[in-house]
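Quick note: the coordinates plus some simple rules give every number you see, no bench work behind them. Nothing here was measured: the structure is a model prediction, and the numbers come from that model. Note: ideal-geometry Cβ built from the backbone for every residue, glycine included; neighbour counts use all protein chains shown.
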Amino acid sequence: MAISVHQHWSSRFAFLFAAVGSAVGLGNIWRFPYIVGENGGSAFVLVYIGFVILIGWPVLVAEFTIGRRGQMSPVKSVEVVAVESGSSRHWKWVGAWGAFAGGLGLLSFYSMIAGWVLAYIIKAAAGTFAGFDSTASADLLDRHYANTPMMVFWHLVFIAITIVIVGRGVQAGLEKAVTFLMPLLLIILVSLVGYSATTSGFGQAIDFLFTPDFSRITPAVMLTALGQAFFSLGLTVGTMIAYGAYLSKDTNIVKSAGIVAASDTAIAVISGLAIFPLVYTYQLEPGEGPGLIFTTLTVAFGQMPGGAIFGTLFFLMLAVAAITSSISLLEPAVSYFEERQGIGRWTAALIAGAAAFGVGLLSVFSFNEWSDILPLALFGITEVGGQPANFYVVLNFFVSNIVMPFGGLALAVFTGWFASRKLLREELGLPDAFLFKLLYGLLKFVCPLALLIVIIAGLI
Ligand code: PHE
């Protein structure tokens, strides 16, 4: 077995919190509600949950297993498992491609959105939202979009925080921060649901979220649900392989993956419950896109008693949730660079972070200077998912509807067909034969088939 050069989690809890911290982020609180809004509500939520159980959970188990077996960066770990299984070492490209797409593509716009959150902490603390109605909140967001230097500044601040934490290493500070702050985020979210439940739009929101209208489900919507499941669980971009590599042998992977998937899904649904009642109460538009939580919640904070404090805390926690995810997006590339002679952790974090910052500028400009530039217009593509296909919209779609589904397919095929069954069984250490057969069967047959169908149908 490979000898690890990397630091390990200090305890099983630290690992769980880090993995949940990686999964829970903007994907749950910012992205999930607006994607649900754009895709018609409850039927989407059901399809989403189905994908989490049938595909997300097994792929998460596969990633942890590959990581723990390999004990190296995602690229190397996939290679180790491939070679030990007698398969081609070129499978490492699956790990490399994921780490590249996540660390560069996804992180680049993730950081921009997290930058909005940082900016909103200040606005909330300053009492900016007091007395807000839907026009005022939409107006504030528009002004934020139009302020290019501000957008660049907060994007830079967020990337810098990410670089510093990753540069310091796995255990220093981060584990403790996550352990304390994640439960706090949950408490604030639940209190927000409590507030939303008193608003007049609550009934409509419950209908929207829980009365399925299957006529809204098209193949493209299915693909979006799948991409959202991968995005939210933090899969296919090397993160969970990297985190698995820092895992001790006595941790139960199947159970941990279950806990991560369940918490992640619960927090997404709770966010929906907090946000949609406000959408209906204040006559906002559920399908308005990435600005959704910024326009809805600011109205709520502006109306409720103590809204300034509540709002400040909320955006602060959301920033923390985003940071515990962004560090996990940078980690795969950094651990890979680290393994190569001569590149230290700090240098690696700086190079990878700077690259993500640079690419992220293109997303920032998509909201202002370059909002009219449609990079795929040459190929006749001017709209993606109903939005003008500027750089940000294209990248966001490309990462979650193409890179992630294909990455998940490659991982499932690798684990199900090219990794040794004996090795997997041994690494998982599952005494329960049924559970192993179930997971293996899902990875070998159900995931590849379902992924192929959803990807092909969704793209044509
Ligand atoms: N899961 C994170 C979120 O929901 C984003 C993420 C994606 C993190 C991929 C790591 C890997 O915000």
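For n ≥ 4 DSSP H runs only, could you compute -39500 (n - 2.57) per run for the chain, divide by its residues and tell me the 222 nm figure to the nearest 500?
On the way: 22 runs with 314 residues, N = 460.
Counting only the DSSP helices, I get -22000 deg cm²/dmol.
Please work out how much length the chain gains when fully extended from Glu426 to Thr198, using 0.36 nm per residue of separation minus the C-alpha to C-alpha distance, in nm with one decimal. Could the numbers behind the result be given before it?
Values: separation 228, 0.36 × 228 = 82.08 nm, distance 5.17 nm.
Fully extending the segment from Glu426 to Thr198 adds 76.9 nm.
Output needed: percent of Cα pairs per 10 Å distance bin for segment 278-320, bins running from 0 to the one holding the longest distance.
29, 50, 21
How high is the relative contact order of the chain? Use alpha-carbon pairs under 8 Å, at least six apart in sequence, and give a whole percent. Present the calculation step by step, with values, prior to reporting the outcome.
Details: 775 pairs, mean separation 155.7, N = 460.
Across the chain, relative contact order equals 34 percent.
Across 10 Å bins from the origin, how do the percents of Cα pairs in the chain run, short distances first?
Cα pair-distance distribution for the chain, in percent: 4, 22, 32, 27, 12, 3, 0.
Val157 to Glu339: extension gain in nm, 0.36 nm per residue of separation minus the Cα-Cα distance? Write out the running numbers ahead of the final one.
Numbers: separation 182, 0.36 × 182 = 65.52 nm, distance 2.75 nm.
Stretched out fully, the Val157 to Glu339 stretch lengthens by 62.8 nm.
What fraction, in whole percent, of alpha-carbon pairs in segment 65-123 exceed 20 Å separation? Kindly include the intermediate steps, with their values, before the conclusion.
Values: 756 of 1711 pairs.
It works out to 44 percent of all Cα pairs.
Normalised by the empirical 2.2 N^0.38 Å for globular proteins, what value does the Cα Rg of segment 179-293 take?
Working: Rg = 17.1 Å, N = 115, 2.2 N^0.38 = 13.4 Å.
Ratio of Cα Rg to 2.2 N^0.38 Å: 1.28.
Counting alpha carbon pairs within less than 8 Å and at least 6 residues apart, what relative contact order, in whole percent, applies to segment 1-79?
Details: 27 pairs, mean separation 32.4, N = 79.
Rounded, it is 41 percent for segment 1-79.
Restricting things to Cα coordinates, could you compute the convex hull volume per residue of segment 366-450 in Å³?
Numbers: hull volume 11.6 nm³, N = 85.
In segment 366-450, the Cα hull volume divided by residue count equals 136 Å³.
Within the chain, count lysine pairs with alpha carbon atoms under 27 angstrom apart where the residues are 8 or more positions apart or belong to different chains.
So the count works out to 21.
For segment 96-210, take the alpha-carbon Rg, divide it by the Kirkwood Rh, and send me Rg/Rh. Show your work: numbers first, answer last.
On the way: Rg = 18.0 Å, Rh = 17.4 Å.
Result for segment 96-210 is an Rg/Rh of 1.03.
Which semi-axes, in whole Å and largest first, does the equivalent ellipsoid of segment 316-405 have when worked out from the alpha carbon gyration tensor as the square roots of 5 times its eigenvalues? Display every interim value, and only then the final one.
On the way: eigenvalues 178, 49, 36 Å².
They are 30, 16, 13 Å, listed largest first.
Run the paramagnetic zone check for Ala262: 7 angstrom along Cα to Cβ, then residues of segment 189-213 with backbone nitrogen under 15 Å.
The answer is none, because no backbone nitrogen lies closer than 15 Å to the label point.
With the dipole of segment 364-453 worked out from charges on the C-beta (+1 for Lys and Arg, -1 for Asp and Glu) around the Cα centre, which of Ile381, Trp417, Val393 lies farthest toward the positive end?
Working it through, the farthest residue towards the positive pole turns out to be Trp417.
Pop the C-beta distance of Asp372 and Arg143 into the FRET formula with R0 = 22 Å and round what comes out to the nearest 0.05.
Working: r = 19 Å, r/R0 = 0.85.
Efficiency computed from Cβ-Cβ geometry: 0.70.
With +1 on the Cβ of every Lys and Arg and -1 on the Cβ of every Asp and Glu, and nothing else charged, how large is the dipole of the chain about its Cα centre, in debye rounded to the nearest 20?
Numbers: 21 positive and 23 negative charges, 282 e Å.
Rounded to the nearest 20 debye, it is 1360 debye.
Taking 0.36 nm per residue of separation and subtracting the Cα-Cα distance, what length does fully extending Phe434 through Ala457 add?
Values: separation 23, 0.36 × 23 = 8.28 nm, distance 3.22 nm.
So the chain would gain 5.1 nm between Phe434 and Ala457.
Longest segment of the chain with no trypsin sites (Lys or Arg not before Pro) in a DSSP loop having at most 14 other Cβ atoms within 10 Å?
Working: sites that count: Lys249, Arg340.
With trypsin sites (Lys or Arg not before Pro) excluded where exposed in loops, the chain gives 1-248 as its longest stretch.
Give me, ordered by chain and number, the residues 5 or more places off Val384 or on other chains with an amide H under 5 Å from its own placed amide H.
Ala389
Hydropathy first: keep DSSP H helices in the chain averaging at least 1.0 on Kyte-Doolittle, then drop any whose Cα extent along the axis falls short of 24 Å, and list what survives.
Working: long enough: 107-125 (27 Å, 1.46); 148-168 (30 Å, 1.80); 174-197 (34 Å, 1.81); 253-281 (43 Å, 1.57); 307-339 (47 Å, 1.34); 345-366 (32 Å, 1.45).
Once both thresholds are applied, what remains is 107-125, 148-168, 174-197, 253-281, 307-339, 345-366.
As an exercise, find the ratio Rg/Rh for segment 222-362 from alpha-carbon atoms, using the Kirkwood inverse-distance average for Rh. Please list the in-between numbers first.
Details: Rg = 18.8 Å, Rh = 18.1 Å.
Rg/Rh: 1.04.
Report the dimensions of segment 153-225 along its three principal axes from the alpha-carbon atoms, largest first, rounded to Å.
Ordered largest first, segment 153-225 gives principal extents of 49, 35, 27 Å.
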